[in-house]
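Asks: Okay, handing you the structure first.
The values are calculated or read from the model by the stated rules, or taken from the named source; none is laboratory data. All values derive from a computational prediction rather than experimental measurement. Ideal geometry is used to build each Cβ from the backbone, glycine not excepted, and the neighbour counts take in all protein chains shown.
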C-alpha cells in the first residue's frame, strides 16, 4: 500500500496528512470574509465567477456565524473533530494588517481550531502582511493557498491572471523561507494548452518546493468572460477520459511528499455550462483510482513491477 494514505489511494491524500499531523479528524471550514480581488480592476480572470464562492456558506452572515454554522453540522457526525477555518472567496490578504487581525484572530482562537487556511494571490501579500503571517505560523498551523493555474506565461496572459510565473515563484520562496505551508492551485484544460503543457506544470511545481496542490478541471460557468468566449467560438473541453489521463500522469510525476488536497472541483449545477461530467464527482474520483491501478502508478512512481 502507498505510504501516504489511509484508504488505499495511490496518492498522498489530504485526509492522511491531517490525521497524521493532528491525530484526529480535521475539517476545513470554507468561509467568505467579504474581501475583493485586485485583479478585478482589469476585468479579473476570465474563468472566475464572483470570486470563487462555489459551495460556500452564506456570506450575508458574519464570519464567526458562518464558522459556527458549519462546525455544528460537522460536530454532530464527528464529535471529536478539529477544525481549520478556510478563507476561500476572493483575495484574503488584501487589506491592512490591522483589518486582517480583526478577521483572522477570532477564528484562530476558536475552540478546537488547529490551523488556519488563507486563499490569496502571489501578487497580493505585502511585506507587512507577510510578517503577520509569519507570526500566525508560529502560533498555529498556517496554510497559504496561491493560485498559479498554469506555469506558462502565455496562458496566464490569455486568462488575464494578472501575474506571471516568476511572481508566483518569488512568493512561494518568501513563504517557504518563513516555514509556511504552501498550497498551489492549477487548472487542467485551459484553452490552447496541450497535455504535455499540463504535465509540465506539475513538473514545475515539483521544482519549487510546494507542500500541497489542488488540481482543478476547467469548467465554463455562466456570467464569465470564458463563457462569452466559449459561446461565440467554442474551444475544446477535455473529455472525462482525457482529464483522467492527464491527472494520472501528473500524479505519477509529483513527489510523494506533496499533499494532494483535491483532484477535481465542485461546480454549482445551475451555473455550469460545460463539462457536465464534472457533476458526477465521486464517479470521477473512482475512475481516477481505477486508472492509477490499471497503469500501476503511484504518486511519484511509475511501477515496472505489475504485481506490486
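Asks: Residue check, residue 85 against (1) outside any helix (DSSP H, G or I); (2) buried (at least 20 other Cβ atoms within 10 Å of the Cβ); (3) modelled with pLDDT under 95, all met but one. Which one?
Replies: Of everything listed in (1) outside any helix (DSSP H, G or I); (2) buried (at least 20 other Cβ atoms within 10 Å of the Cβ); (3) modelled with pLDDT under 95, residue 85 misses just condition (3).
Asks: Still on this model: Mind listing just one residue for me: the one in the stretch 279-295 that is modelled with pLDDT of 95 or more and in contact with a strand residue (DSSP E or B) (Cβ under 9 Å, 6 or more places away or on another chain) and, of those, farthest from residue 49 (Cα to Cα)?
Replies: My answer is 295.
Asks: Tell me, which helices (runs of 4 or more DSSP H) wholly within the stretch 92-210 include 1 or more residues that are surrounded by 22 or more Cβ atoms within 10 Å (Cβ to Cβ) and at pLDDT 95 or above?
Replies: Passing ranges, in order: 97-108, 127-139, 165-177, 195-207.
Asks: Something else: Select from the stretch 245-271 the residues that are under 12 Å from the mean Cα position of the chain (by Cα) and not in a strand (DSSP E or B) and write down the one among them that is farthest from residue 221 (Cα to Cα).
Replies: Among residues in the stretch 245-271 that are under 12 Å from the mean Cα position of the chain (by Cα) and not in a strand (DSSP E or B), the one farthest from residue 221 (Cα to Cα) is 263.
Asks: Quick check on my filter: what residues within the stretch 133-178 are at positive phi and touching a helix residue (DSSP H, G or I) at 6+ places or on another chain (Cβ under 6 Å)?
Replies: The one that is at positive phi and touching a helix residue (DSSP H, G or I) at 6+ places or on another chain (Cβ under 6 Å): 162.
Asks: Also, I was wondering about something else. When you go through 233, 239 one by one, which is the residue that is over 26 Å from residue 26 (Cα atoms), over 17 Å from the mean Cα position of the chain (by Cα), modelled with pLDDT of 95 or more and loosely packed, with under 14 Cβ neighbours inside 10 Å?
Replies: Unique residue meeting the criteria: 239.
Asks: State the number of residues belonging to the stretch 272-289 that are assigned to a helix (DSSP H, G or I), without any contact (Cβ under 8 Å) to a residue 24 or more places away in the chain and farther than 22 Å from residue 17 by Cα.
Replies: Of the residues in that region, 3 qualify.
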